[in-house]
Amino acid sequence: MTAPRLPDTAPARQAAAICARLREAGHRALLAGGCVRDLLLDAVPKDFDVATDARPERVQALFPRTVAVGAAFGVVVVVTESGPVEVATFRAEGAYSDGRHPDSVSFGDAEADAQRRDFTVNGLFLDPLAGEVVDYVGGLADLKAKRLRAIGDPGLRFREDHLRLLRAARFAGLLGFGVDPATAAAVRRDAALLATVSPERIQQELSKMLLSPRRAEALRRTSDLGLMGVFLPEVETMKGVEQPPEFHPEGDVFLHTMLVLDHLPPDASLTLALGGLLHDVAKPATFQRADRIRFNNHDRVGAEMSVAILQRLKFPNAVIERVEYLVAEHLRWKDTPNMRLSTLKRFLAAEGFEELLALYVADCKGSHGKLDFYDFCVSKKAEFGVEKLKPAKLLTGHDLVTLGMAPGPKMGEILKALEEEQLEGRINSRDEAMAWARRRL
Ligand code: ATP
Ligand code: MG
């Protein structure tokens, strides 16, 4: 097997230079893990990790700028011009008794370091100087066959670290690989163990899925492998929830949700992707057969459910607030032609509006395909321009004081009413605003 060529980028050159320096000093040094897998798949690695037989103290002595981030586990960060590179000493792991961390680690050789990794395609090394792939785990054959396979006994590996269950779904989905039958069976059998993993670690895996253009495929695998119900039962129960066929020819709520995720822009932000995932999360709970199938209030209920779900997974408040907005507002489009001018302007000027618009497009494409309100909103937004959407304030509290008003809550009400008049286009200058305020007082 000829080794893939390193890309001609600064991070790749820096990582290769670190390997060269370690080699000069008499050590073995290899690129390891995800970057080797990605290079072999012709994908651009996110970062380059180095594995070596040099001990952490030795790595620190060989490079001028280092940070001992996890010296106990043998991980030292070497700071280079183009950013940090993780240099990890080859290690073997002891038994796991908590389903999270090894009880002990010991420094070992490259082969032992490959054996401790999760999947064969993540267990490959690349010697950048010799130009050679080093494969102790059959990872090359699995890469070629597009197969995700646990290293060693799958049941044992998943019971060691329960997060690997979810990582299996992530890598299978994002790489578009099949899961080896024994590995898939082990995930399904022990899926419930995922419940013991901390919300922060689950959040990180979920976010990596959602930030990829293949997000829907990763989530379908998560569900197929029996994992979705363990940490996101609200999404799992979307399966089989019928929708009115005249609006949703595509099928049930789960199918629709996955299609929406597929129709988001490939580089959608985390909040937009979470909005796509959760916009219809209240449909199962609000399902009703009336004149037709209806999901009354699923926007409002869904926004509340989204907050609870994202808090449970420990997402930051700024993320939660934005997703709450997207879910709460995702049906307002049909009101836009009848909105009062001030309401329409506030709707179009909202902080997350561009994401709401992208969600709307994906929501339509993932169902009936008609984009009724898109042109209307986009042209209105362009027509108003920034000045009319978010006009500068015409008066301040100070102005009201000069007119003889005492400071207090009433002042806020007056300023709010003035903003309304301004957005409605009835007051357009400071003089008009002063005259209006005089009359009000
Ligand atoms: P990504 O592109 O998502 O970063 P990656 O393969 O680099 O993919 P990381 O989570 O960054 O994944 O981990 C780097 C490497 O460390 C993996 O390729 C794998 O070899 C090993 N690894 C990471 N997490 C685990 C784990 N929980 N159990 C075993 N090995 C792991
Ligand atoms: Mg990585």
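Working carefully through the options 192, 168, find the one that is surrounded by fewer than 23 Cβ atoms within 10 Å (Cβ to Cβ) and in contact with a helix residue (DSSP H, G or I) (Cβ under 7 Å, 6 or more places away or on another chain).
Values: 168 fails: surrounded by fewer than 23 Cβ atoms within 10 Å (Cβ to Cβ).
Just one listed residue meets the conditions, 192.
If you check every pair at least six apart or on different chains, which have Cβ atoms under 7 Å apart with a residue in the stretch 47-65 that is in contact (Cβ under 8 Å) with a residue 60 or more places away in the chain and in the same structural domain as residue 133 (by TED's automatic domain parsing) first and a residue that is in a strand (DSSP E or B) and within 16 Å of ligand 1 (Cβ to nearest atom) second?
Partner pairs satisfying both residue conditions: 51/30; 51/32; 51/88; 51/125.
Residue under question is residue 118, and the condition is that it be within 16 Å of ligand 2 (Cβ to nearest atom), within 28 Å of residue 154 (Cα to Cα), open to solvent by less than 10 Å² (accessible area, probe 1.4 Å) and out of contact with any His (no Cβ under 9 Å at 6 or more places or on another chain); does it hold? Working first, answer last.
Working: within 16 Å of ligand 2 (Cβ to nearest atom): yes; within 28 Å of residue 154 (Cα to Cα): yes; open to solvent by less than 10 Å² (accessible area, probe 1.4 Å): no; out of contact with any His (no Cβ under 9 Å at 6 or more places or on another chain): yes.
Answer is no for this residue.
Out of the residues in the stretch 27-42 that are open to solvent by 10 Å² or more (accessible area, probe 1.4 Å) and either under 24 Å from residue 116 (Cβ atoms) or not assigned by TED's automatic domain parsing to the domain that holds residue 135 (or both), state the one that is nearest to ligand 2 (Cβ to nearest atom). Quick ask: steps written out before the conclusion?
Initially, the stretch 27-42 is screened for residues open to solvent by 10 Å² or more (accessible area, probe 1.4 Å), giving 27-28, 34, 37-42.
Next cut, either under 24 Å from residue 116 (Cβ atoms) or not assigned by TED's automatic domain parsing to the domain that holds residue 135 (or both) only: 27-28, 34, 37-41.
Values: 27: 22, 28: 21, 34: 4, 37: 10, 38: 9, 39: 13, 40: 15, 41: 14 Å.
By that ranking, first place goes to 34.
Scan the stretch 397-424 and report the pairs whose first residue is within 20 Å of residue 344 (Cα to Cα) and whose second residue is basic (Lys, Arg) and assigned to a loop (DSSP other than H, G, I, E, B), with Cβ atoms within less than 8 Å and a gap of 6+ or a chain change.
Once the first residue is within 20 Å of residue 344 (Cα to Cα) and sits in the stretch 397-424, its partners that are basic (Lys, Arg) and assigned to a loop (DSSP other than H, G, I, E, B) give 415/393; 419/393; 424/340.
Every residue in the stretch 101-136 that is near ligand 1 (Cβ under 9 Å from one of its atoms) and either β-branched (Val, Ile, Thr) or part of a loop (DSSP other than H, G, I, E, B) (or both), please.
116, 117, 118, 121, 123, 124
Could you tell me which of the residues 103, 118, 127, 113 is under 24 Å from residue 193 (Cα atoms) and either among the aliphatic types (A, V, I, L, M) or at pLDDT 95 or above (or both)?
Details: 103 fails: either among the aliphatic types (A, V, I, L, M) or at pLDDT 95 or above (or both); 127 fails: under 24 Å from residue 193 (Cα atoms); 113 fails: under 24 Å from residue 193 (Cα atoms).
Selected residue: 118, the only one of 103, 118, 127, 113 that is under 24 Å from residue 193 (Cα atoms) and either among the aliphatic types (A, V, I, L, M) or at pLDDT 95 or above (or both).
Considering (1) open to solvent by 80 Å² or more (accessible area, probe 1.4 Å); (2) outside the structural domain of residue 340 (by TED's automatic domain parsing), say which one residue 422 fails and leave the rest.
Residue 422 satisfies every listed condition except (1).
The values are calculated or read from the model by the stated rules, or taken from the named source; none is laboratory data. Everything numeric here is computed off the predicted structure, so don't read it as measured data. Every residue, glycine among them, receives a Cβ derived from its backbone with ideal geometry; neighbour counts consider all protein chains shown. The protein model used for the area step is the full one, side chains on, heavy atoms only, and it has no ligands, DNA or RNA in it. Shrake-Rupley method; radii C 1.70, N 1.55, O 1.52, S 1.80 Å.
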